[in-house]
Amino acid sequence: MATSTKTPDLDAVVIGAGFAGLYMVHSLRDELGMSAQAYEAGDNVGGTWYWNRYPGARCDSESYMYCFSFDKALMQEWNWSGKYPEQPEILSYLNHVADRFDLRKNIQFNTRVTSAKFDEANNMWEVQTDKGDKVTARFVVTGIGCLSAGQIPNIKGRETFKGDSYHTGSWPHEGVNLAGKRVGVIGTGSSGVQSIPVIAQQAKQLFVFQRTPQYTIPARHGTVDKAFLDDVKSNYDEIWDKARHSTGGFPVDPIDRSALEVSEEERKDIYETAWKEGGFKFVFGSFKDIALDRRANDTASEFIRSKIREIVKDPETAEKLVPVDHPFTSKRALIDTNYFDTYNRDNVTLVDIRHAPIEEITPTGIKTEDAEYELDVIVFATGFDAMTGSYNRIDIRGRDGAALKDKWAGGPKAYLGVASAGFPNLFMITGPGSPSVLSNMPVSIEQHGEWISGVIEYMHEHGQTVIEADQQAETEWVAHVNEIAEQTMFMLADSWYLGANIPGKPRVFMPYPGGVGAYRQKCDEVTAGGYTGFTLGASTREPVGVS
Ligand code: NA7
C-alpha cells in the first residue's frame with residue numbers, strides 16, 4: 001500500500017442529500033467529528049422525494065417505519081398524518097431533519113459531482129463538480145440513490161411531440177395542470193400505478209399505454225390511526241429491532257405456513273384477509289413460500305388475477321390487465337389505491353402495447369401499430385436505470401485510473417454492495433449487492449451508514465488511511481447474491497432488478513435478496529473479524545481526523 005504524503009482537504013465527500021446523504025453527514029460530522037462536505041444536484045434536500053413529485057407519489061412502506069431511528073427524540077416528535085407517507089410529507093420530514101441537525105451548512109446544493117478519482121500516492125479522492133469545485137477527501141461516500149437516473153425510452157419521433165411531456169422522476173415542482181387535457185401515460189410500474197388513478201381524476205381523457213400488466217395489492221391508505229401511532233412510539237425500540245433483523249426491514253414476525261399445506265378454503269380466507277388489510281402484508285404475512293416456490297406462488301398469482309377480473313367491469317379490459325407472463329413478486333411488488341377501479345371510468349382507456357406496440361410519437365400524440373391517439377400531454381412513467389445508472393453518470397476512477405463503469409460493464413461487482421475492489425476508500429450506501437431496493441430503505445440506509453462510520457472509526461483507532469475490498473471476497477459475494485436470487489421468483493420476469501428495462505444492460509440480478517437480517521449478520525461478522533474480506537493499510541501520516 002502506498003503511504004500518504006499529502007493531507008486531504010476533507011475527511012469525506014458525501015454525494016447526495018436524500019436519506020442516505022443526510023444521515024452520513026450527521027454521522028461523520030456529529031458522531032465522529034470529521035470534516036464532511038456533501039454535494040447535491042437538487043436545490044434542496046430530499047433525493048428521491050425531491051425529484052419524484054408526480055400526482056399520487058408516496059412511499060409503500062408504512063409511515064411509522066419510513067424514517068430515521070438514530071435519534072430517539074426525533075422519532076417521538078415527528079407525527080405522520082397518513083398510513084403511508086406521501087411525497088410532500090416525506091420531503092417535509094427530510095427538511096425537518098436537515099434543519100434539526102443543522103445539516104445544510106455542510107451541503108452544497110445545485111451541484112452535481114462529475115468525477116471522483118483515486119489518488120493512489122496519497123490514499124485520497126479528488127472530487128470535481130459541475131460548479132468547478134475541486135476537493136480532495138480521504139473517503140467518498142455515495143448516497144446517490146438506487147432509482148435516480150431516469151429512463152425515457154428512445155421512441156421514434158419523441159422530439160417531435162408538440163404537447164408537454166414529463167418523466168415521473170423529474171416532475172415540475174409547481175405541478176402540472178391536467179384539467180381538460182388528453183393525457184397519455186406510458187408505463188405501469190410503481191410510478192404509473194400510483195399516478196394513473198390520480199391523473200384519471202384530473203384529466204379530460206387518459207390513455208394508459210401498458211406493455212406488461214401488473215399484480216398490485218390495495219394499499220388501504222388513509223389517515224394514520226393515532227392510537228396505533230402512540231402505541232408504536234411507546235415501543236419503538238422493540239419495533240425497530242424486529243425490523244432490523246427481518247427480511248424486508250419491516251417489523252413483522254416470520255410466517256411459518258406454506259401456501260401448499262392448507263386447504264383451498266383456508267388459503268382463500270388468508271388471501272382475502274390480507275387483501276382487505278392491504279399493503280405488503282399480503283407478501284410478508286400470508287405464506288412463507290409465495291416468493292420462493294412456484295406452486296405456492298401460483299396460488300397467490302391466481303388469487304390476484306381473480307380480483308382483477310372481479311373489479312374491472314369490462315371483461316376485455318380486465319383480461320388485458322391480468323398478468324400471465326410472469327409470477328407475482330418476480331417484478332417489484334406494487335400496492336395501489338383504486339388502480340384497477342380506474343379502468344371502470346369512462347375517461348380512461350387501456351392501450352395494450354404488448355400486442356400492438358408503439359410505432360412512433362407524432363407531433364400530436366402516440367401512434368401504435370393499430371391506432372393513433374391524440375394527446376396534449378405524455379407522461380413517461382418508464383422508470384430508471386436502476387442501481388448502476390446513478391454510478392455511471394459520475395466518472396469514478398480507482399486504482400490505475402480504471403473506471404467503475406468499465407469494471408461494471410458486465411454487471412455491478414461490489415463486496416457486500418458497499419465497496420468495490422480497486423476503488424479504495426469509496427463506500428456506497430445501498431449499493432448493488434446490498435438489500436437496498438428489496439427492503440424498507442431507511443432501515444438499510446442506516447445500517448450501511450452505521451457500518452461505514454464504524455469502519456472509519458476503526459481505521460482511526462488503528463492509524464490506517466486506506467481500506468479496499470478484496471477481489472476474492474467480492475467475487476464470492478456477487479456469486480452468493482446470484483445464488484440466492486436463483487432460488488426466488490426474481491429471475492422469472494424482465495425487471496429493473498435484472499437491468500432488463502434498459503436496452504443493452506447486462507441481465508444480472510443486482511440487489512441482495514437474502515433479507516436485511518441475514519445481511520446485517522454478515523456485516524457484523526465482517527466487522528467482528530477485523531473487516532474480513534477487506535485489506536486495510538497503515539500510514540506513517542496522521543490518521544483520519546476523528547476527534
Ligand atoms: P418501473 O417499475 O421500471 O416501470 C416502468 C414502466 O414503464 C413499466 O411498466 C415498463 O414496462 C414501462 N416501460 C419502460 N420502457 C418502456 C417502453 N420503451 N415502452 C413501453 N413501456 C415501457 O419504474 P417506476 O418508476 O414505475 O418504478 C421504479 C421504482 O421506483 C419502483 O419499483 C419503486 O421501487 C420506486 P415493462 O414492465 O418493462 O414491460
* So, how do all the Cα-to-Cα distances of region 175-297 break down into 5 Å bins, in percent, from 0 on up? -> 2, 9, 13, 15, 15, 14, 13, 10, 7, 3, 0
* To do: Give the share of C-alpha pairs in each 20 angstrom bin for the chain, from 0 to the last occupied bin, in whole percents, shortest bins first.
  => 21, 55, 23, 1
* Asked: If you rank S436, S306 by how much accessible surface each has, with a 1.4 Å probe, what is the order from largest down?
  -> S306, S436
* Structure fact -> antiparallel share of DSSP beta bridges within the chain, to nearest 5, in %, is 40
* In nanometres, what is the gap between the two model label sites at D524 and E461, each 7 Å from Cα along Cα-to-Cβ? -> 1.7
* Structure fact -> Of every Cα-Cα pair in region 450-547, the percentage lying beyond 19 Å is 55
* **Average accessible surface area per residue within the chain, 1.4 Å rolling probe, Å²** => 40
* Structure fact -> With the charge dipole of region 329-385 built from beta-carbon charges (+1 for Lys and Arg, -1 for Asp and Glu) about the Cα centre, the Cα from L375, I358, Y339 projecting farthest to the positive end belongs to Y339
* To do: Could you pull out the longest piece of the chain with no exposed loop GluC sites (Glu not before Pro) in it, calling a site exposed if DSSP puts it outside H, G, I, E, B and it has at most 16 other Cβ atoms within 10 Å?
  => 370-547
* Return the lysines within reach of K131: Cα separation strictly under 19 angstrom, same-chain partners fewer than 8 residues apart disregarded; answer none if there are no such residues. => K105, K117
* Asked: Using unit Cβ charges (K, R positive; D, E negative) and no other charged atoms, how large, in debye to the nearest 20, is the dipole of the chain about its Cα centre?
  -> 980
* **Cα-based Rg / Dmax (Å) for region 269-368** => 15.9, 51
* To do: State the percentage of accessible surface on the chain attributable to carbon and sulfur atoms; use a 1.4 Å probe and exclude ligands, DNA and RNA.
  => 47
* State to the nearest 20 debye the size of the charge dipole of region 463-506 about its Cα centre, where the only charges are +1 on K and R beta carbons and -1 on D and E beta carbons. => 220
* region 343-461, dipole about Cα centre (Lys/Arg Cβ +1, Asp/Glu Cβ -1), debye to the nearest 20 -> 620
* Asked: Over the heavy atoms of D253, what accessible area does a 1.4 Å probe trace out, to the nearest 10 Å²?
  -> 100
* trypsin sites (Lys or Arg not before Pro) lying in DSSP loop within region 72-171, provided at most 13 other Cβ fall within 10 Å -> K131, K156, K162
* Structure fact -> tail above 25 Å in the computed P(r) of region 70-189, as % of all Cα-Cα pairs, reads 53
* To do: Please provide three numbers in whole Å: the alpha-carbon extents of region 170-213 along the principal axes, with the largest listed first.
  => 29, 22, 13
* To do: On a 0 to 90° scale, report how tilted helix 471-486 is relative to the longest principal axis of the chain, with both axes built from alpha carbons and the result rounded to the nearest 10.
  => 20
* Label-point separation (nm) for D225 and E360, each offset 7 Å from Cα along Cα-to-Cβ? -> 5.6
* To do: Take the cross-link list K233/K307; K162/K367; K288/K331 and give me the ones stretching past 26 Å between alpha-carbons.
  => K233/K307
* **the chain, helix-only ellipticity at 222 nm - DSSP H runs n ≥ 4, -39,500 (n - 2.57), divided by all residues, nearest 500** => -9000 deg cm²/dmol
* **Nitroxide proxy distance, nm - points 7 Å out along Cα→Cβ at E486 and E261** => 2.7
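The values are calculated or read from the model by the stated rules, or taken from the named source; none is laboratory data. Keep in mind the model is a prediction, meaning the values are calculated, not measured. Please note: Cβ atoms are built from the backbone with ideal geometry, for glycine as well, and neighbour counts cover all protein chains shown. These accessible areas exclude ligands, DNA and RNA; they are computed on the full protein's heavy atoms, side chains included. Shrake-Rupley method; radii C 1.70, N 1.55, O 1.52, S 1.80 Å.
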